[in-house]
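Structure first, commentary second.
Just so it is clear, none of the values below were taken in a lab; they were calculated from the coordinates. This is a predicted model, so every value here is computed, not measured. Because the Cβ atoms are built from the backbone with ideal geometry, glycine has one as well, and the counts that use them run over all protein chains shown.
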Amino acid sequence: MAVLEILPGIYSVGVVDWNVRNFHGHTYTTKRGTTYNAYLIIDEKVTLIDTVYGPFAAELMENIRQVIPVEKVDYIIANHVETDHSGALPEIMKLVPKAKIFGTKNCQEGLYRYYYGDWDFGIVKTGDKLKLGKRSLTFIEAPMVHWPDSMFTYCPEEELLMPNDAFGQHLATNERFADQVDPCALWDEAAKYYSNILWPLGAVILKKIEEVLKLNIPIKIIAPSHGVIWRKDPIQIINKYVSWAKNETLAKVVLVYESMWGATEKMARKIIEGVQKEGLSVKLFDITGSDRTEVVKEMLEAKGFIFGSSTHDNGILTTLAGFLEFIKGFKPKNRLAASFGSYGWAGGAVKQIEDIAKEAGLELAATGLQVKYMPDKDDLEKCFEFGRNFALKIKGK
Ligand code: FEO
């Protein structure tokens, strides 16, 4: 990533990871790559906000050197322990062993447990201020947005909020600002980021956003630690987060299924015909060939989820079972769900899906629909009606 002065004396010095395709140990696919953003403030105290993923430490230091010798760094703000932001810290600290790191108490513990560095660390709390010279920093603890150590850093003189992971996107690009990139890709990645990482934390996020808005601090720029910087109308991404955190939905249904010999698939296709008959937007995924990260993104604003599986060994087919286990942790609120599937001699999958849906906090809109072996004409008519009735429930009828 080219070094860029985003404000007078404040530089973007992070790196682009063009080729990363799996994040978080293969739980998140990053088809557009990502960036690890870090910001350098040149003032009486030279301050680095976050670092980057460890393998990119040399590139980060080269970027800093384009502005100032690394040895001149006085302060490092560690907004978040996770290694994509702290991984380069040990290498930097070798060059600036006297630099002081600031972060939350949880951050101090986390950094120690990751790197065992004997570093000067200043614990900060919400409202604490750090004078840099002409500028200052104010800290806002943000526990569980999305780790216990997470923190936002705000520079009041520049009206600049650096919230680390929050408001970020996994989007590799040399352009540094949201208004310079394809808006479809931008919002697609912002939604994917929220749904796959932050969805279960909606209540905490809402509270944190309310707390920040109540501080009445002007925010001209939001500079997250992944993706591009929001400088034009930055409130738009805050508003979107509020909507997602409130579980606001659209009249949309996502149907996810796994089929053994095609019977459940036939049912799925007929069910969505019924949903479409009522004019709802539909997305259909065979989970065995689908990108789980993308499916979750499509679910973020959908009011209805329908899951289908053939029964195998009295239970759900394994790929769908894994997916359901994954989304169960999201505890999606304000959604309706239903299940369906085919079976041979003894069912089981449909009931198990319903049990998981209830555990996830989903409201079942109908009793699950089962078909023996292959659906005939009458069965397919029932599938159509099943989909249509589900859509009517979504519409509140
Ligand atoms: Fe981008 Fe929670 O790390």
Once Lys and Arg get +1 and Asp and Glu get -1 on their Cβ, which of ILE356, GLY341, LEU320 lies farthest toward the positive end of the dipole of the range 253-394? ILE356
Can you give me the pair-distance distribution of the range 87-154, C-alpha pairs, 5 Å bins, whole percents? 4, 16, 24, 24, 21, 11, 1
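Highest mean first, what order results for 253-260, 275-282, 297-304 on Cβ atoms within 10 Å?
Taking the mean over residues of other Cβ atoms within 10 Å, the ranking is 253-260, 297-304, 275-282.
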Sparsely packed trypsin sites (Lys or Arg not before Pro) within the range 108-175, loop by DSSP, other Cβ within 10 Å at most 14: LYS125, LYS134
Principal axis extents for the chain, Cα atoms only, whole Å, descending order, please. 78, 38, 34
Work out the length of the dipole vector of the range 249-363 about its Cα centre, built from +1 on the beta-carbon of each Lys and Arg and -1 on the beta-carbon of each Asp and Glu, and round it to the nearest 20 debye. 320
Selection from LEU186, VAL70, ALA57, by position along the positive dipole direction of the range 4-245 (Cβ): LEU186
Provide, in order from the shortest bin, the percent of all Cα-Cα pairs of the range 301-358 in each 10 Å bin, continuing until the bin that contains the maximum pair distance. 24, 55, 19, 2
For helix 105-115, what angle does its Cα long axis make with the longest principal axis of the chain, in degrees from 0 to 90 and rounded to 10? 90
What size of dipole, in debye to the nearest 20, comes out for the range 4-245 about its Cα centre when the only charges are +1 on Lys and Arg C-beta atoms and -1 on Asp and Glu C-beta atoms? 280
What's the ranking of 32-40, 11-19, 201-209 by average number of surrounding C-beta atoms within 10 Å, highest first? 32-40, 11-19, 201-209
Of SER12, PHE386, TYR36, which is farthest along the charge dipole of the chain in the positive direction, counting Lys and Arg as +1 and Asp and Glu as -1 at C-beta? PHE386
Over what distance in Å are the Cα centres of the range 52-99 and the range 176-213 separated? 26
Quote to one decimal, in nm, the extra length available between LYS94 and GLU325 on full extension: 0.36 nm per residue of separation minus the C-alpha distance between them. 78.9 nm
Rounded, prolate or oblate: which fits the range 248-302 when a ≥ b ≥ c are the square roots of the eigenvalues of the alpha-carbon gyration tensor, with rounded for a/c under 1.5 and prolate only if a/b beats b/c? oblate
Approximate spin-label separation ALA203-TYR373, in nm, with each point projected 7 Å along Cα-to-Cβ: 4.9
What ranking do 58-71, 261-274, 330-343 get when scored by the average of other Cβ atoms within 10 Å per residue, highest first? 330-343, 261-274, 58-71
Taking the simple approach of a point 7 Å from Cα along Cα-to-Cβ for both GLN180 and ALA58, what is their distance in nm? 2.6
With runs of 4+ DSSP H residues as the only contributors, calculate the mean residue ellipticity of the chain at 222 nm using -39,500 (n - 2.57) per run, divided by the residue total and rounded to the nearest 500. -10000 deg cm²/dmol
Label 7 Å along Cα→Cβ of LYS393; the range 276-319 residues with amide nitrogen under 15 Å? 303-308
Global form of the range 45-113, assessed from the alpha-carbon gyration tensor, a/c cut-off 1.5: oblate
Any number yet on Rg/Rh for the range 253-394, C-alpha, Kirkwood? 0.92
